[in-house]
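Input: a single structure, listed below in structure tokens.
Nothing in this text is a laboratory measurement; each read-out follows from the coordinates by a stated rule. This structure is a prediction, so every number in the text was calculated from the model and none was measured. Reconstructed Cβ throughout: ideal geometry from the backbone, glycine too, with neighbour counts over all protein chains shown.
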Amino acid sequence: MKSVSNKFLVSAKGFAAYFFSGKQSVVYYSTSVVRTPYHVVDPSPWPMIMGANLWGVAAMFICWVNEISLDSLYWGIPLFVLTFYSWVRDIINEATFQGFHTEKVQSGLTLGFILFLISELMLFFSFFWAFFHSALSSSVEIGCCWPPVGLECLDWSKVPLHNTALLVASSASITLSHNYLQWGDIWVATATYIATLGLSVMFIKNQYEEYAWSSFSISDGVYGSCFFMLTGLHGLHVIGGTCGLLFCFVRMMLLQFSSEHHVALTLAIWYWHFVDIVWLGLFFIIYIWGS
Amino acid sequence: SFIRFSGKYPEHTHKNDPKAEELLSTAKFDARFQMCNQDKACWQNYVDYFRCIKKKGEDYEPCNWFKKQYQALCPGFWTERWDEQREAGAFPAKI
């Protein structure tokens, strides 16, 4: 990285060049200089390689559902992990160690994540629509009532209530952890963070047990389909959210977060709150109302 | 069965002839199912007929109202399928 003196900013004639000076990207044109707080990224091979890896993932999925042998495709997984790791390592280098993530960049990342959360909300909205479509005017094949005739629903006051308590408590503890980080007390932040991770693991274990011992499956009519699509999708989001929180935990332990600047952690916490709210919707609508 | 020269219809129509009325009439309007799709009406009348018989006995005449309704509304293959399910104890409704 060159350090540039403010007074002698002379451009090379005829072409623009990018210089990075601390927290600002400076763009040179032939007649003027523009300082911009935005992050003009270096050329990087990871997006293209990730594209190729995603092809491999898609090929694996297609072979899996068509029951073609996957033996020739297993190399896709370690390559995917490697590419993901390299790309994210580059981002962390640029953000934490090179200082490219100005306020503008942070707010841009936040906006992008909010849009992503809205798209996830739409995904769940569509499955809730499907549930209400079948539940509100039950068809004759299931006996014009909901839950369908002959289906033993799960008792909401047992495991689902426990799961609700787990997720709400984990939301509270992650908020606490975030606040302690902002106040600068990293040890309590770590402790409450570990509590959050523990609660989420308990939730995942509970859901696994419910799935294993349930009296109905996804192919048991429209109730089974709606129930397992919704709770299954939610479970995948919980697992993904937990992975995100774990990743941010590692970064926190490596002291890559400051008490003001920790965008990744904030976004992971928002994702966790989203997962919690979706579970509350699931609990009240599917488990309580739908039984 | 009890409409005679009601005054609302011309003399020669079947409305004034009880026997013709019985032969030529179809399912009556049910305000609970107002739309074109009458599958719930078919199902409801089928279930109500068998609940009526179960409660009141086979010889109770007013149960036949439900029977006429469902015979007019339901497709034959639905009624046959449900009859088989009832005999097997697999019909998805509480009768």
Exercise. Average partner chain C-beta neighbours within 10 Å, per residue of A:38-51?
Worked result: 0
Problem set entry | Modelled label reach - A:Trp87, point 7 Å along Cα→Cβ, region A:45-59 residues with backbone N closer than 15 Å | A:45-58
Problem set entry | Within 10 Å of each Cβ in A:136-149, the average number of Cβ atoms from other chains | 3
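Could you size up the charge dipole of the protein assembly as shown around its Cα centre, putting +1 on the beta carbon of Lys and Arg and -1 on that of Asp and Glu, and report it in debye to the nearest 20?
Values: 26 positive and 30 negative charges, 225 e Å.
It works out to roughly 1080 debye.
Is there a simple number for the mean count of other chain Cβ atoms within 10 Å of the Cβ of residues in B:37-43, and what is it?
Details: counts 0, 0, 4, 5, 0, 1, 5.
The mean count of partner-chain Cβ atoms within 10 Å per residue comes to 2.
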Exercise. Put a dot 7 Å past each Cα toward the Cβ at B:His14 and B:Asn64; how far apart are the dots in nm?
Worked result: 1.7 nm
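What net charge is computed for the residues neighbouring A:Phe227, neighbours being all others with C-beta under 15 Å from the C-beta of A:Phe227, Lys and Arg scored +1, Asp and Glu -1?
On the way: positive: none; negative: A:Glu152, A:Asp155, A:Glu210, A:Asp220.
Residues close to A:Phe227 contribute a combined charge of -4.
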Seminar exercise, completed: Ordering A:90-99, A:173-182 by per-residue average of other C-beta atoms within 10 angstrom, highest first, gives A:173-182, A:90-99
